[in-house]
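Take a look at the structure below.
The values are calculated or read from the model by the stated rules, or taken from the named source; none is laboratory data. Nothing here was measured: the structure is a model prediction, and the numbers come from that model. Ideal geometry is used to build each Cβ from the backbone, glycine not excepted, and the neighbour counts take in all protein chains shown.
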Amino acid sequence: MQKRIRQIAAGKFESDQPSLSISDEELFLTVTEGQEYTGEFEITSENHIPVRGIVYSTHPRMECLTPQFEGENIRIRYQFHSKGLVEGQEEKGAFVILCNQSVHSLSFCVSISRLYAQTATGAIRSLSDFTALAKESWQEAYQLFYHKSFPNILKAKETKEKMYYQGILAAKPSSQNLEEFLVAAGRKEQIHFTISETDCRFDALTESQQQKIEIKKSEWGYLELAITSDAAFVQPAQTQITSEDFLGSTFVLKYIVDYDRMHAGNNYAKITFSSVYETKVLEIYAHKGEKQKSKEQKEHAKIRECQSGLVELYEAFRLKKIVTGVWANESVERLNQLHAMLPDQVMYPLMKAQALVINHQKQEAEWILEEFKREWPDHHTPEWGYYLYIMTLLEREPAYVDRMTHEIEMIFHENPDSALLFWVLSFLEEEYYNNSAHKLRAIAHWVMSGCVSPYLYLEAYDLISHDPYLLTKLGRFEVRILRWAIRHQVLTKELAAQIFEVVEMNQGFHPVHFELMQAAYGTEEKPEYVGQICSYLIRTQQFDTKFHHWYEKGIGLELRITGLYEAYLMSLDEREIASVPKIIRMYFQYDSNLPYRKMAILYNNIIASKESEPEIYEQYRRVMSRFAMEQIEQEHVDDNLAVVYEDMLELGLVNEELAKCLSNILFAHKLVIMQPHMVRAIVYQKQMKDPQIVPIVNGCAYVSLFCREYAILFEDGKGQRYIHSVPYRLDSLMDAGSYLEKCTALAPEELPYIVSHFGEKPDHHRFDAKEEKFFRRVLFAQELDTEYQSYFSREIVRYYQKKEQKPLVEQYLEQADYEQMPQAVRQYMMESLADWRMYDRLYEQMQEYGLDQIGSSAKVAVATYLLDAMEEREQDEELLLLCTSAFLNKKYNDRILQYLSDFYSGPVETMLRLWRAAQDFELRTRDLEERILEQMLYTDMDLLQALEVFAHYYESGGQELIVLAVITVFAQNYFVKEAALPQQILAIIRRRHQSGKKLNDACKLALLKSFSGMSSLQEAQYEAADVLLAEFTGRNMNFSFYKRLDRRLVQKYHLYDKIYVEHRTNPKKHVVLHYSRDEDGEQFHEVDMPNVYAGIFVETFVVFFGEEIQYYITEEYKNKVVSTESNRLTCNDIYAQKDESRYNLINQMLISETLSDEVSMFQTMKQYAGYDEVTKKVFKLL
């Protein structure tokens, strides 16, 4: 900039100036809230002349990152700071581009927007847009749902939707979450499904079949179905499908009915289709038809049937359910069938022989045995051992039996794994039939070794049923035998009594033992058995609700068992309201070690009966009050406790400590959840920052609700969350309104009381002195929702604006987190900082969120405070922006103006406004004036608008270089561009010329030209003009205005015979004058016109009276020739008679000739000849 000013001061002007183009006519920007937007535009010199300059921004938020530039192609980078602005705001301004010899402006308009996701359908700005996207492209909507921009589409009024989203976002990501959100937000209906049939029947199925069922969904959205079968013979093709698997609204599921996995006869199966919302069932009935079986398969089935029939008959016989004859006859019949089908099996004839022997049909038995003896050669097999056993049944003589027994023992020694031989010996060996305990142990060994023969179970049962004292423990074997007996309904009373005795000896609870005790009680319902069961349950600490009926029986029977009353209460279902027996109410009138929930049940019953049994209530009143206080202090709550608490509160037994603890209890609500797999409830309340997360126990949860707007979500064991898909009931437990006023007065710092008291929209107009006790808690609470707290705090500050006591608000304003405040609240708080003169804190926030966040008066106050705090005036960019912002809003004082005058540099229009304002305050403005003039000189701006500035600058002793440059520009414009020359400037030039100060050609030519416009010159002016004309004619610098100078000077410098052709253009052009003196203009001559000064090309002609010269001018530049000007030169001047120059004499002769005045022409010719003779004598040619 200084270089150009020095050039101007020296009278050097660049004829070529850059021709600039800017890449954008106007900038339209969309910037995201809180973000910094960086962009660029390009400046190009189209004529390739290097350009140099400076860029200013007229908006404090728009920062030019490339404020100075130089070159032919320049990228100007900028950054817009949007922090503190919100969607809907629009900021306008311009970049002012100052470059050599020109000024340009690029306006910009910045629209503030939230961060919105861009999709194929455009920006998603609302829930309606999002819903349309989800309907069109579920997957794209799912991606957006978990994008950081999604919360921005939720509007301020959509508070419930915000809470739903906040809760869903905390769950494991899934498409079901999106479905839940859209349904809860009312943007779509729940998606339901139907199946084309609910039952399917297959009669006489003889082979596997593939079937289909059609599933239809009700509408768009996400559906996930779990598909299960409860039978192995039915297998669905898929076990899970989603909405993506549907073709339109339909999905066809294939399933197989597997014939090979079916059992004989009727088969039943269910295919269950389950979504989050509902379950559908397809019931399948299939009868397994007979395939074309082979003869062998049919015989094998018949064999199995007969074998199982034999076992059943034997069990019935031994358990005395049928007589001997029936058993023997039916068994013989089945054995005949088996022998017919399996003639090689020798066991069936032997078994028939045993049945006949037992039925006293010995003759037939002997025939069978004789035949077996003849045909069976191997006497070492189990079959031979079995034969010998039957022989002992025929012949009971002891010696014979002993001999047969010995032989069987030898065979058993060779075949130790034969359960048949063991069974036989258990009847023959003395150690078995004389020692039941030994026999029972032997059977136990075989059973526990893997033998599951029903014959052994029968023998074991027979032993313990005849001698219950053999049952001394309840091991695995004993349990098996007893369960077998229970299943066959043959458990005896004696055996039942022994079960109780054995259980009594065991430690700890075992479900099987309890099962046996219940079965034993079923044989005979004795009171002592009830006592033993209750004692067992109490001893093993079993207080589940499923055992309650036993304790109830015990109390009903008036049993005296230690801990029975406690067990009764502990096993009582807390979800049911039932009357407690009077004996229980009387028993617990003193302290008890029962869990508090169980005691609450008791006290609830006592309170419920206080009208009918007032004496018991009075006995318990003090204990219940103490109990209630203890539980309140621990913040316990449930249905029964709520009744106890209300009873206590009605008595007025509340102090400060209890009131604090009651802050959540008073607002307690019971959630009853209808879906069993939910494990916790999550409750969001509009005024609170964090949710309540409470466990769901037995389908119930307890939450504290003190806000009108809330959202309830549920979570299952897998971490999935649900909203409207889980049905629930919400019940208030206490009448909070009855006790709220008293509790609030006792505990004014508890947030539930405060929120409930003030509601959703606190209003400072309704505040009074009694409510001031709440304000500190609100202002500094960490638990409140940020937005709610911000608006509440604003109302508190407004309330205190009218008060003289301000320490609380000052403390809050100093510590407040302005980042979290909504813009409107933050702006108010920043204005409050100014009102309360907390300027340092305010300035911090202004630097963070923008100078435009407060009003002009506040800006002036802050700026003045900061300026007064400055020890030495120095340039501070932030402070300068603040002062500028205040000034542009027409708010300022002398200190702000002086600071701006000293340091502000910007667009000329702004600096001129500033200068005028500073002049009104009579401030020091020389530095400002200098910056204005320098900028205008550099950019070639019209200095007329700053003429007053320059005049003041000049009068105050401005810098010589600047003064000379300014007057040079005025002079140049006057002389070259023929602009007006202000008298102040002309006066300065004259004074400088008179005083002999340095003047460049522009100033001197302007001064000389100014004389040409005067009708007469004073002596000093004439002398000045004479000097200047002598200089320039001596330098061969001739101009047409010379002939308008004083006539004396025209005569003196022989200008009277000259005609000047003057042409103004770019000095770099080649200018050629084409002229012709011919009357017909056929022959033209060419002459290069000299550039006399700054693009003023001049050619001089001498033209006599009546002579005519035709001419035209061409310009050549960059290989292009252009014809510009054409005209004629003539001389019609009739000079005064006193003009006796030879040029005039020739003109006189030409005039006389034209007039045919020969006399005059002769006299003139004679006079001219005399002059010519004198000239020749006086002047010699060199």
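What the table shows:
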read-out	value
Check on S725, closer than 27 Å to K155 by Cβ, of a type in the set (S, T, Y) and at pLDDT below 95	yes
Scan of region 103-160 for residues that are β-branched (V, I, T) and not in a helix (DSSP H, G or I), ordered by number	V103, V110, I112, T119, T121, I124
Residue within region 620-631 that is more than 16 Å from L602 (Cα to Cα), in contact with a helix residue (DSSP H, G or I) (Cβ under 8 Å, 6 or more places away or on another chain) and of a type in the set (G, A, S) present	no
Qualifying residue in region 288-309 (condition: surrounded by 16 or more Cβ atoms within 10 Å (Cβ to Cβ) and touching a strand residue (DSSP E or B) at 6+ places or on another chain (Cβ under 7 Å))	yes
Count - residues of region 1069-1084 that are closer than 15 Å to E1107 by Cβ and in a strand (DSSP E or B)	2
Any hit, region 815-824, residues being at negative phi and crowded, with 21+ Cβ neighbours inside 10 Å	yes
Residue within region 411-420 that is on the phi < 0 side of the Ramachandran plot, charged (D, E, K, R) and in a helix (DSSP H, G or I) present	yes
Subset of region 447-469 (residues that are among the aliphatic types (A, V, I, L, M), over 23 Å from Q307 (Cα atoms) and crowded, with 18+ Cβ neighbours inside 10 Å)	L463, I464
Selected residue (criterion: surrounded by the fewest Cβ atoms within 10 Å (Cβ to Cβ)) from residues of region 330-352 that are in contact with an Asp or Glu (Cβ under 9 Å, 6 or more places away or on another chain) and under 13 Å from E383 (Cα atoms)	M347
Any chance S738 is assigned to a helix (DSSP H, G or I), more than 19 Å from Y812 (Cα to Cα) and either within 33 Å of the chain's Cα centre (by Cα) or among the hydrophobic types (A, V, I, L, M, F, W, C) (or both)	no
Filter pass, L1017 being in contact with a His (Cβ under 8 Å, 6 or more places away or on another chain), modelled with pLDDT under 95 and within 30 Å of R1047 (Cα to Cα)	no
Selection within region 389-401 - surrounded by 13 or more Cβ atoms within 10 Å (Cβ to Cβ) and not β-branched (V, I, T)	Y389, M391, L393, L394, Y400
When residues of region 88-131 are limited to those that are among the basic types (K, R) and surrounded by 16 or more Cβ atoms within 10 Å (Cβ to Cβ), the one farthest from V183 (Cα to Cα)	R114
Matching residues, region 132-178, being surrounded by 17 or more Cβ atoms within 10 Å (Cβ to Cβ), of a type in the set (G, A, S) and closer than 18 Å to T786 by Cβ	G167
Qualifying residue in region 1054-1064 (condition: in a helix (DSSP H, G or I) and in contact (Cβ under 8 Å) with a residue 12 or more places away in the chain)	no
Residue match in region 779-791 (condition: polar (S, T, N, Q) and closer than 18 Å to P748 by Cβ)	yes
Neighbours by Cβ (under 7 Å, 6+ apart or cross-chain): first from region 982-994, without any contact (Cβ under 8 Å) to a residue 60 or more places away in the chain; second not in a helix (DSSP H, G or I)	I989/L999; R992/L999; H993/L999
Test: residue in region 720-730 that is outside the structural domain of E158 (by TED's automatic domain parsing), within 17 Å of I665 (Cα to Cα) and part of a loop (DSSP other than H, G, I, E, B)	no
Subset of region 803-830 [farther than 15 Å from Y843 by Cβ, among the charged types (D, E, K, R) and part of a helix (DSSP H, G or I)]	E810, E819
Subset tally (residues that are of a type outside the set (S, T, N, Q) and surrounded by fewer than 16 Cβ atoms within 10 Å (Cβ to Cβ)) for region 778-797	2
Criterion: part of a helix (DSSP H, G or I), surrounded by fewer than 16 Cβ atoms within 10 Å (Cβ to Cβ) and over 60 Å from the mean Cα position of the chain (by Cα) - qualifying residue of A1002, A1020, A1024	A1020
Residue pairs meeting the criteria (Cβ under 6 Å; at least 6 apart or on separate chains; first farther than 15 Å from L388 by Cα, in region 409-420; second not in a helix (DSSP H, G or I))	E414/H380; A419/C451; A419/S453
Scan of region 499-541 for residues that are outside any helix (DSSP H, G or I), among the polar types (S, T, N, Q) and under 24 Å from P595 (Cα atoms), ordered by number	T540, Q541
Filter result for E207 (among the acidic types (D, E), surrounded by fewer than 17 Cβ atoms within 10 Å (Cβ to Cβ) and in a helix (DSSP H, G or I))	no
Tabulated pairs, region 246-260, first part of a strand (DSSP E or B), second among the small types (G, A, S), C-beta under 8 angstrom, 6+ apart or interchain	L253/A237; K254/A237; Y255/S229; Y255/A237; I256/S208; I256/A237; V257/S208; V257/A286
